[in-house]
1. In units of 2.2 N^0.38 Å, what is the alpha-carbon radius of gyration of the range B:129-241?
2. Output needed for the range B:240-319: three equivalent-ellipsoid semi-axes, defined as square roots of 5 times the C-alpha gyration tensor eigenvalues, in descending order, whole Å.
3. Which percent of Cα pairs goes in each bin when the distances of the range B:94-144 are cut into 5 angstrom slices starting at zero?
4. Using a 1.4 Å probe and counting only protein heavy atoms, arrange B:Lys190, B:Lys305 so the residue with the most accessible area comes first.
5. To test your reading of the geometry: what angle, between 0 and 90 degrees and rounded to tens, separates the Cα axis of helix B:316-325 from the longest principal axis of chain B?
6. State the Cα centre-to-centre distance between the range B:173-191 and the range B:227-286 in whole Å.
7. With every protein chain present, what is the per residue accessible area of the range B:229-337 (1.4 Å probe, Å²)?
8. Sorted by mean Cβ packing within 10 Å, highest first, what order do the peptides B:159-166, B:123-130, A:24-31, B:227-234 take?
Amino acid sequence: MKIKLNLAVAPTLRERYALAWAVPTTIVALAVMVWLAHSTWADVRQARGLEVKLAGAGQREQKLIQREMELRRDFDQPDIRSLLEKTQFINGLIDKKRLSFTVLVMKVADLLPPDARLSGVALARSGDGSAVRFQVNSKAPQPLETFLANLAKSPDFADPVVTSEGFEQPQAATGAAAAGEVTVTCTARYVGPQGGAGVEETPASDQASGEPPSRGSDGSRDKPAGTSSRAGTRKKGGESPHAK
Amino acid sequence: MTGRPATGACRAAAESDSMNWNLLKGRVASLAALTTAAFELPSTVIEVQPDFVVAARLDVAHRQVRRMEMAELAPGALNPHPGRANVANEPALRRALGNVTRAVGDGSGRSGLLVSDGTIRAAVLSFDTVPDDASEFASLVRWRMKEHLPFAPEDARLSYQVSRSAGSSCEVLAIAAANSVLGEYEAAHKGVTGGLILPSTAALLPLLPIESTGQLLVNVCCGWVTTVVVEQSRVCSWRTREIIETAPKALADAVATEAARAAASARDHLKVDVRQVWLCGRPTVGLELAAEVGRAIGGAPRVLKPAGELASTLPAAERAAFERFGAPLAGLLANVD
């Protein structure tokens, strides 16, 4: 007869199917391990490539630093150093030769007495100097004489010369000068302030409206300006010239 | 005012749920621990009897015994009983088990275990109606086995098989053992779990031929005698008792008396006429024992021996051990389809 008895405890699901699941689990685990190894190897190769590139960049940087040091050594040689100093000196002179038209007009306005008015001013650059031509109007000669005296005493101007004088009769028609006024035209050499004015040139829109720009004898361009003292200047970079 | 009672109620509900969950887990675990497996024959089988320990490595596919080893167990090291601790000298049992298992090898790591008949309780139960649900039937069998068990039925590992089925009624051969008792054997030898655990007499049953007349199997081993009446493939009765007599003559008389009582009971109560008596005694069946049993039942008993071809590949010493102790092993191999 056959017996079917057994007092042993039935195996659990884990015990029963552990072996059956072992093979696919092992295969999956091996596949994951292979994938991880492949990924790791790829990352290592990429890291090595980056290290090589980084080393090349470092070498180039070292070369550039070395080149910079060589240039600095060359730059510190006496002949080049003297050339630099000369260049700086000349650049300083150029800065000193800069003329602020607004400052010029303000200086002229300071010379005017109350009864005289500036009807024209022009600037002519010639050589290393600047010649300024004034046209001043007044109803009486006395204010013009005061202006000329002030101009002669002004440290900013030198060698004032009266080039013309005129008296205009009263007319009904409109003219450049007011009716019954004395007009004096004079020139002077602008020596400027001793400290130099680092002001740039005035834009064309701020020039005087009553007189067209003229050229000097050396071909430089004259810079007429209006009589209005509010004629402003525009500095490159937006900085006010008066701040200098 | 309403917050605290609500919180307390929630906490109480949570504790109640937790307790229920733990209780449920405990029940599931206990059920899993007591759910027995179907019959299977591992490649390594160990038999533990009060006087000896046997281990054998089997080739189940070819129905061969590949290795066989026997070791004597110190007297008093094992005291089979269904309701109390069996292992009295665990180091000696472990040592004997270690010796025999090392000799035969562990095989696949799962082992079968044959225990003394005194360790289990067996009964033939009749049912007029059988529930359709298997779990309900198992519960019913467990409930019916309660009167045969000297321990709580909740602690019993139960296994049964239907011997006869007629209409809605059936007859069941059930065996049960205390989980704690079998746990001692399993603890003494790791690897038994998940294999096979049987009393040695159950392993002898496949050796009996299927005959229409009644047969009586008398198994005498290490102070215990079991008588089983079989008719065709039906186990009609199972009775196990301890024999305190140790002298050969007294032992033979006691076994003969028990065999005669079983045969008479089968004839009177079960209406089964025993025509053939099979006698299995280990280590050996003495002439005196066979003569006494034959005289008691009125016919010469046949000694149940393992077939020699099962041990054809064994060395001479192991073959001799197999012939003396290997009858249950031969029965297990005969039970494999």
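1. Relative to the rule-of-thumb radius for its length, the range B:129-241 sits at 1.16.
2. 27, 17, 11
3. 4, 13, 16, 13, 10, 11, 10, 11, 8, 3
4. The most accessible residue leads, giving B:Lys190, B:Lys305.
5. Helix B:316-325 and the main axis of chain B meet at about 70 degrees.
6. Each part reduced to its Cα centre gives a spacing of 26 Å.
7. 48
8. On the way: B:159-166: 17.5, B:123-130: 14.8, A:24-31: 10.0, B:227-234: 21.6.
Final packing ranking: B:227-234, B:159-166, B:123-130, A:24-31.
The values are calculated or read from the model by the stated rules, or taken from the named source; none is laboratory data. Since we're looking at a predicted model, the values are computed, not measured. Heads up, the Cβs are rebuilt from the backbone with ideal geometry, glycines too, and the neighbour counts pull from every protein chain shown. SASA here: full protein model, heavy atoms, side chains in, ligands and nucleic acids out. Shrake-Rupley method; radii C 1.70, N 1.55, O 1.52, S 1.80 Å.
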